[in-house]
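Written out below as C-alpha coordinates is the structure these notes cover.
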Amino acid sequence: EPSAIVPKISPALPGEGKWVRMDRWDPGPASVLTTTFRPDPTQPGIGAYVAWMRTSTTQFALYLGYKGPGPTSLDRGPEMVPQSAWPNLLATFNSGFYEADSAAGFYTHGTLYYPMVKGLATVVAYTNGKIAIVDWEGGSTPGPGILVARQNLPLLVDDGAPTPLSANWADWGLTLGGVPAVWRTALGIDAEGNLIYVAAAAQTPASLAQILVDVGAVRGMQLDINPEWPIYVTYGGAGALSPSLFVPNPNSIPDRFLFPATKDFFAIYRRVPGVTQQPW
(Lines give C-alpha, C1' and ligand atoms only; values in the text may rest on other atoms or scores of the structure.)
Protein backbone atom coordinates (compact mmCIF):
# COMPACT_ATOMS: atom_id res chain seq x y z
CA GLU A 1 0.00 0.00 0.00
CA PRO A 2 1.18 3.57 -0.57
CA SER A 3 2.91 5.59 2.12
CA ALA A 4 1.00 8.40 3.77
CA ILE A 5 1.22 11.74 1.97
CA VAL A 6 3.40 14.19 3.85
CA PRO A 7 1.28 17.28 4.64
CA LYS A 8 2.55 20.53 3.14
CA ILE A 9 0.86 22.75 5.72
CA SER A 10 1.54 22.69 9.46
CA PRO A 11 -0.28 21.90 11.57
CA ALA A 12 -1.91 19.16 9.53
CA LEU A 13 -5.64 18.62 9.66
CA PRO A 14 -6.89 15.44 11.41
CA GLY A 15 -6.28 12.51 9.08
CA GLU A 16 -4.69 14.67 6.39
CA GLY A 17 -2.64 12.54 4.00
CA LYS A 18 -3.56 9.27 5.72
CA TRP A 19 -5.13 6.58 3.57
CA VAL A 20 -8.57 5.17 4.35
CA ARG A 21 -9.74 1.85 2.96
CA MET A 22 -13.03 2.19 1.05
CA ASP A 23 -13.67 -1.50 0.29
CA ARG A 24 -13.65 -3.02 3.77
CA TRP A 25 -16.52 -5.30 2.75
CA ASP A 26 -14.14 -7.12 0.40
CA PRO A 27 -12.26 -9.89 2.29
CA GLY A 28 -9.20 -9.50 0.06
CA PRO A 29 -6.41 -6.94 0.36
CA ALA A 30 -7.32 -3.26 0.13
CA SER A 31 -8.03 -2.32 -3.49
CA VAL A 32 -9.31 1.25 -3.10
CA LEU A 33 -7.79 3.76 -0.68
CA THR A 34 -8.61 7.46 -0.43
CA THR A 35 -7.17 10.50 1.29
CA THR A 36 -7.21 14.29 1.15
CA PHE A 37 -4.46 16.84 1.65
CA ARG A 38 -3.85 20.53 1.06
CA PRO A 39 -1.33 20.78 -1.79
CA ASP A 40 -0.55 24.52 -1.72
CA PRO A 41 0.50 26.45 1.43
CA THR A 42 -0.62 29.68 -0.26
CA GLN A 43 -4.17 28.30 -0.60
CA PRO A 44 -4.89 26.49 2.69
CA GLY A 45 -8.60 26.31 1.90
CA ILE A 46 -8.08 24.14 -1.19
CA GLY A 47 -7.97 20.38 -0.71
CA ALA A 48 -6.94 17.67 -3.16
CA TYR A 49 -8.92 14.41 -3.28
CA VAL A 50 -6.80 11.36 -4.03
CA ALA A 51 -7.81 7.74 -4.68
CA TRP A 52 -5.32 4.87 -5.03
CA MET A 53 -6.40 1.69 -6.84
CA ARG A 54 -4.48 -1.59 -6.67
CA THR A 55 -4.32 -2.97 -10.20
CA SER A 56 -3.31 -6.52 -9.25
CA THR A 57 -6.66 -7.17 -7.53
CA THR A 58 -8.99 -5.18 -9.77
CA GLN A 59 -10.51 -5.13 -13.24
CA PHE A 60 -10.41 -1.79 -15.09
CA ALA A 61 -13.34 -0.92 -17.36
CA LEU A 62 -14.45 1.93 -19.64
CA TYR A 63 -18.03 2.68 -20.65
CA LEU A 64 -19.62 5.17 -23.02
CA GLY A 65 -22.33 7.54 -21.86
CA TYR A 66 -25.34 8.38 -23.99
CA LYS A 67 -23.54 11.53 -25.20
CA GLY A 68 -19.87 11.02 -24.39
CA PRO A 69 -17.36 10.65 -25.82
CA GLY A 70 -19.42 11.63 -28.88
CA PRO A 71 -21.85 10.42 -31.55
CA THR A 72 -21.34 6.99 -33.08
CA SER A 73 -23.31 4.49 -35.16
CA LEU A 74 -21.72 1.64 -33.17
CA ASP A 75 -23.35 -0.08 -30.20
CA ARG A 76 -22.88 2.21 -27.18
CA GLY A 77 -23.22 -0.62 -24.69
CA PRO A 78 -25.00 -0.27 -21.33
CA GLU A 79 -24.04 3.42 -20.80
CA MET A 80 -23.96 2.55 -17.07
CA VAL A 81 -22.50 -0.09 -14.80
CA PRO A 82 -24.37 -3.23 -15.94
CA GLN A 83 -26.40 -4.75 -13.12
CA SER A 84 -24.72 -8.11 -13.64
CA ALA A 85 -21.45 -6.46 -12.50
CA TRP A 86 -22.79 -4.69 -9.40
CA PRO A 87 -21.67 -7.48 -7.00
CA ASN A 88 -18.01 -6.72 -7.77
CA LEU A 89 -18.16 -2.94 -8.19
CA LEU A 90 -15.56 -1.02 -6.15
CA ALA A 91 -15.42 2.48 -7.64
CA THR A 92 -16.44 4.65 -10.60
CA PHE A 93 -15.00 7.95 -11.80
CA ASN A 94 -15.08 10.48 -14.62
CA SER A 95 -13.23 10.08 -17.89
CA GLY A 96 -11.96 12.75 -20.31
CA PHE A 97 -13.25 15.31 -22.81
CA TYR A 98 -15.94 14.99 -25.41
CA GLU A 99 -14.53 13.99 -28.80
CA ALA A 100 -15.81 17.25 -30.30
CA ASP A 101 -13.68 19.23 -27.83
CA SER A 102 -10.49 17.22 -28.25
CA ALA A 103 -10.04 14.45 -30.84
CA ALA A 104 -8.69 11.35 -29.10
CA GLY A 105 -8.78 7.57 -29.34
CA PHE A 106 -11.45 5.54 -27.56
CA TYR A 107 -11.34 1.73 -27.51
CA THR A 108 -13.31 -0.62 -25.28
CA HIS A 109 -15.11 -3.99 -25.41
CA GLY A 110 -13.35 -4.91 -28.66
CA THR A 111 -14.66 -1.82 -30.47
CA LEU A 112 -12.72 1.19 -31.75
CA TYR A 113 -15.14 4.10 -31.40
CA TYR A 114 -12.56 6.77 -32.31
CA PRO A 115 -9.09 6.10 -33.81
CA MET A 116 -6.00 6.41 -31.68
CA VAL A 117 -3.87 9.54 -32.12
CA LYS A 118 -0.08 9.43 -31.95
CA GLY A 119 1.47 11.52 -29.20
CA LEU A 120 -1.51 11.62 -26.82
CA ALA A 121 -1.59 10.43 -23.22
CA THR A 122 -3.38 7.09 -23.08
CA VAL A 123 -4.53 4.87 -20.23
CA VAL A 124 -4.26 1.28 -21.44
CA ALA A 125 -5.60 -1.91 -19.88
CA TYR A 126 -4.01 -5.11 -21.20
CA THR A 127 -5.33 -8.67 -21.44
CA ASN A 128 -2.68 -9.77 -18.90
CA GLY A 129 -4.30 -7.53 -16.26
CA LYS A 130 -1.69 -4.80 -16.26
CA ILE A 131 -2.48 -1.08 -16.61
CA ALA A 132 -0.27 1.63 -18.11
CA ILE A 133 -0.39 5.32 -18.92
CA VAL A 134 1.69 5.94 -22.03
CA ASP A 135 2.56 8.44 -24.71
CA TRP A 136 0.83 6.65 -27.58
CA GLU A 137 3.29 5.73 -30.33
CA GLY A 138 1.25 2.99 -31.99
CA GLY A 139 -1.09 3.10 -34.94
CA SER A 140 -4.70 4.17 -35.13
CA THR A 141 -5.96 0.77 -33.91
CA PRO A 142 -4.90 -0.90 -30.61
CA GLY A 143 -3.25 -4.31 -30.85
CA PRO A 144 -4.81 -7.65 -29.79
CA GLY A 145 -3.34 -7.51 -26.28
CA ILE A 146 -5.32 -4.40 -25.34
CA LEU A 147 -8.73 -4.36 -23.64
CA VAL A 148 -9.16 -0.63 -23.05
CA ALA A 149 -7.47 2.49 -24.43
CA ARG A 150 -8.69 6.00 -23.66
CA GLN A 151 -6.78 9.12 -24.74
CA ASN A 152 -7.00 12.70 -23.51
CA LEU A 153 -4.45 15.42 -24.42
CA PRO A 154 -0.65 14.91 -24.02
CA LEU A 155 1.04 13.51 -20.92
CA LEU A 156 0.74 15.78 -17.90
CA VAL A 157 3.46 13.94 -15.91
CA ASP A 158 6.32 11.87 -17.28
CA ASP A 159 9.30 10.28 -15.51
CA GLY A 160 7.95 11.51 -12.20
CA ALA A 161 7.90 15.20 -13.15
CA PRO A 162 5.44 17.67 -14.70
CA THR A 163 5.91 17.87 -18.46
CA PRO A 164 6.99 21.20 -20.00
CA LEU A 165 3.64 21.34 -21.81
CA SER A 166 1.83 21.56 -18.47
CA ALA A 167 3.07 25.14 -18.05
CA ASN A 168 0.78 26.48 -20.80
CA TRP A 169 -2.70 26.34 -19.31
CA ALA A 170 -4.44 27.42 -22.52
CA ASP A 171 -3.53 24.11 -24.18
CA TRP A 172 -5.46 22.03 -21.66
CA GLY A 173 -9.10 22.69 -22.46
CA LEU A 174 -11.62 25.51 -22.36
CA THR A 175 -12.28 26.60 -18.80
CA LEU A 176 -15.40 28.01 -17.23
CA GLY A 177 -15.00 31.78 -17.27
CA GLY A 178 -11.77 31.54 -19.26
CA VAL A 179 -9.60 31.45 -16.14
CA PRO A 180 -6.50 29.25 -15.69
CA ALA A 181 -7.39 27.69 -12.33
CA VAL A 182 -10.55 25.55 -12.24
CA TRP A 183 -11.66 22.14 -10.99
CA ARG A 184 -9.43 19.60 -12.70
CA THR A 185 -9.09 15.83 -12.51
CA ALA A 186 -6.25 13.53 -13.49
CA LEU A 187 -5.24 9.89 -13.62
CA GLY A 188 -1.72 8.76 -12.78
CA ILE A 189 0.19 5.55 -12.29
CA ASP A 190 2.80 4.83 -9.64
CA ALA A 191 6.08 2.94 -9.97
CA GLU A 192 4.35 -0.36 -9.06
CA GLY A 193 1.66 0.06 -11.73
CA ASN A 194 -1.21 1.11 -9.45
CA LEU A 195 -3.62 3.84 -10.52
CA ILE A 196 -4.02 7.18 -8.77
CA TYR A 197 -7.00 9.48 -9.33
CA VAL A 198 -6.75 13.14 -8.33
CA ALA A 199 -9.34 15.94 -8.21
CA ALA A 200 -9.01 19.46 -6.88
CA ALA A 201 -10.53 22.91 -7.27
CA ALA A 202 -8.61 26.00 -8.40
CA GLN A 203 -5.91 24.09 -10.30
CA THR A 204 -3.89 24.93 -13.38
CA PRO A 205 -2.45 22.06 -15.44
CA ALA A 206 0.95 22.70 -13.83
CA SER A 207 -0.38 22.59 -10.26
CA LEU A 208 -2.45 19.50 -11.05
CA ALA A 209 0.67 17.82 -12.42
CA GLN A 210 2.53 18.68 -9.21
CA ILE A 211 -0.22 17.08 -7.13
CA LEU A 212 0.20 13.88 -9.14
CA VAL A 213 3.94 13.96 -8.49
CA ASP A 214 3.37 14.64 -4.78
CA VAL A 215 1.21 11.53 -4.44
CA GLY A 216 3.68 9.24 -6.22
CA ALA A 217 2.65 9.22 -9.88
CA VAL A 218 5.44 8.57 -12.38
CA ARG A 219 3.19 9.29 -15.39
CA GLY A 220 -0.14 10.99 -15.59
CA MET A 221 -2.82 12.48 -17.80
CA GLN A 222 -5.47 15.13 -17.31
CA LEU A 223 -9.06 13.90 -17.39
CA ASP A 224 -12.13 16.16 -17.34
CA ILE A 225 -12.18 19.73 -16.03
CA ASN A 226 -14.61 22.44 -14.81
CA PRO A 227 -17.00 22.15 -11.84
CA GLU A 228 -19.70 20.00 -13.44
CA TRP A 229 -17.70 16.86 -14.16
CA PRO A 230 -15.38 15.72 -11.31
CA ILE A 231 -16.80 12.60 -9.69
CA TYR A 232 -15.36 9.63 -7.82
CA VAL A 233 -17.79 7.17 -6.24
CA THR A 234 -17.05 4.37 -3.79
CA TYR A 235 -19.47 1.64 -2.71
CA GLY A 236 -20.07 0.47 0.84
CA GLY A 237 -21.00 -3.10 0.07
CA ALA A 238 -21.27 -5.79 -2.59
CA GLY A 239 -24.05 -5.14 -5.06
CA ALA A 240 -23.21 -1.43 -5.44
CA LEU A 241 -24.65 -0.76 -1.98
CA SER A 242 -24.31 2.62 -0.29
CA PRO A 243 -22.69 4.63 -3.09
CA SER A 244 -20.79 7.63 -1.75
CA LEU A 245 -19.31 10.70 -3.42
CA PHE A 246 -15.65 10.95 -2.41
CA VAL A 247 -15.20 14.16 -4.41
CA PRO A 248 -17.82 16.63 -3.13
CA ASN A 249 -19.75 17.98 -6.10
CA PRO A 250 -23.26 19.45 -5.96
CA ASN A 251 -23.61 18.69 -9.68
CA SER A 252 -23.33 14.92 -9.05
CA ILE A 253 -25.26 12.25 -7.19
CA PRO A 254 -23.82 9.07 -5.63
CA ASP A 255 -25.68 6.60 -7.87
CA ARG A 256 -24.81 8.50 -11.06
CA PHE A 257 -23.36 5.47 -12.85
CA LEU A 258 -26.02 2.98 -11.78
CA PHE A 259 -28.31 4.32 -14.51
CA PRO A 260 -27.40 5.70 -17.98
CA ALA A 261 -24.74 8.40 -17.70
CA THR A 262 -24.27 11.48 -19.86
CA LYS A 263 -20.52 11.08 -20.41
CA ASP A 264 -18.18 8.13 -20.60
CA PHE A 265 -16.65 6.90 -17.34
CA PHE A 266 -14.31 4.37 -15.77
CA ALA A 267 -15.26 1.55 -13.39
CA ILE A 268 -13.11 -0.53 -11.05
CA TYR A 269 -14.21 -4.06 -10.14
CA ARG A 270 -12.89 -6.84 -7.98
CA ARG A 271 -10.92 -9.07 -10.31
CA VAL A 272 -12.61 -12.39 -11.00
CA PRO A 273 -10.14 -15.26 -11.60
CA GLY A 274 -9.92 -16.25 -15.23
CA VAL A 275 -11.92 -13.25 -16.50
CA THR A 276 -10.19 -10.47 -18.44
CA GLN A 277 -12.99 -8.95 -20.50
CA GLN A 278 -14.91 -6.19 -18.75
CA PRO A 279 -18.59 -6.66 -17.89
CA TRP A 280 -20.87 -5.36 -20.63
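The values are calculated or read from the model by the stated rules, or taken from the named source; none is laboratory data. Model, not experiment: these values are computed from the prediction. Cβ atoms come from the backbone with ideal geometry, glycine included; neighbour counts cover every protein chain shown. Note: accessible area is taken over every heavy atom of the protein model, side chains too, but ligands, DNA and RNA are not part of it. Shrake-Rupley method; radii C 1.70, N 1.55, O 1.52, S 1.80 Å.
Residues considered: Thr35, Thr57. Of these, the only one that is out of contact with any strand residue (DSSP E or B) (no Cβ under 6 Å at 6 or more places or on another chain), at pLDDT 95 or above, hydroxyl-bearing (Ser, Thr, Tyr) and closer than 30 Å to Val6 by Cβ is Thr57.
Please work out if Tyr66 is surrounded by 18 or more Cβ atoms within 10 Å (Cβ to Cβ) and either closer than 21 Å to Met221 by Cβ or out of contact with any Cys (no Cβ under 9 Å at 6 or more places or on another chain) (or both). In short, no. Looking across segment 256-268, just one residue is surrounded by fewer than 19 Cβ atoms within 10 Å (Cβ to Cβ) and under 17 Å from the mean Cα position of the chain (by Cα), and that is Thr262.
If Glu192 satisfies every condition in (1) open to solvent by less than 40 Å² (accessible area, probe 1.4 Å); (2) assigned to a loop (DSSP other than H, G, I, E, B); (3) not basic (Lys, Arg) but one, which is the exception? Result: Glu192 fails condition (1) only.
With the condition kept exactly as written, say whether any residue in segment 233-244 is open to solvent by 10 Å² or more (accessible area, probe 1.4 Å) and within 27 Å of Pro7 (Cβ to Cβ). Yes, segment 233-244 contains at least one residue that is open to solvent by 10 Å² or more (accessible area, probe 1.4 Å) and within 27 Å of Pro7 (Cβ to Cβ). Among the residues of segment 120-141, the ones that are surrounded by fewer than 20 Cβ atoms within 10 Å (Cβ to Cβ), small (Gly, Ala, Ser) and part of a strand (DSSP E or B) come to 1 in all.
Kindly indicate whether Asn94 is more than 28 Å from Pro154 (Cβ to Cβ) and either more than 14 Å from the chain's Cα centre (by Cα) or buried (at least 21 other Cβ atoms within 10 Å of the Cβ) (or both). So Asn94 fails the test. Within the option set Arg271, Arg184, Arg219, being under 18 Å from Met53 (Cα atoms), buried (at least 21 other Cβ atoms within 10 Å of the Cβ) and either among the charged types (D, E, K, R) or at pLDDT below 95 (or both) holds for one residue only, Arg219.
Inspection of segment 102-112 identifies at least one residue that is within 18 Å of the chain's Cα centre (by Cα) and among the hydrophobic types (A, V, I, L, M, F, W, C). Of all residues in segment 9-30, those satisfying the criterion of being of a type outside the set (A, V, I, L, M, F, W, C) and buried (at least 16 other Cβ atoms within 10 Å of the Cβ) are Glu16, Gly17, Asp23, Asp26. Strands (runs of 3 or more DSSP E) wholly in segment 1-119 with at least 1 residues that are of a type in the set (Val, Ile, Thr), in contact with a helix residue (DSSP H, G or I) (Cβ under 7 Å, 6 or more places away or on another chain) and touching a residue at least 60 places away in the same chain (Cβ under 8 Å) - which ones? So the answer is 89-94. Scanning segment 164-174 for residues that are under 19 Å from the mean Cα position of the chain (by Cα) and without any contact (Cβ under 8 Å) to a residue 60 or more places away in the chain gives Ser166, Trp172.
Return yes when Tyr197 is among the aromatic types (Phe, Trp, Tyr) and open to solvent by 10 Å² or more (accessible area, probe 1.4 Å) and no when it is not. So Tyr197 fails the test.
For segment 122-131, does any single residue satisfy the condition of being over 19 Å from the mean Cα position of the chain (by Cα) and more than 21 Å from Ala206 (Cβ to Cβ)? Yes, the conditions are met somewhere in segment 122-131. Applying the condition of being within 25 Å of Ala61 (Cα to Cα) and assigned to a strand (DSSP E or B) to segment 149-181 and asking which residue is most open to solvent (accessible area, probe 1.4 Å) yields Asp158. Of the residues that make up segment 201-213, is at least one touching an Asp or Glu at 6+ places or on another chain (Cβ under 6 Å) and either loosely packed, with under 14 Cβ neighbours inside 10 Å or under 26 Å from Tyr269 (Cα atoms) (or both)? Within segment 201-213, none of the residues are touching an Asp or Glu at 6+ places or on another chain (Cβ under 6 Å) and either loosely packed, with under 14 Cβ neighbours inside 10 Å or under 26 Å from Tyr269 (Cα atoms) (or both).
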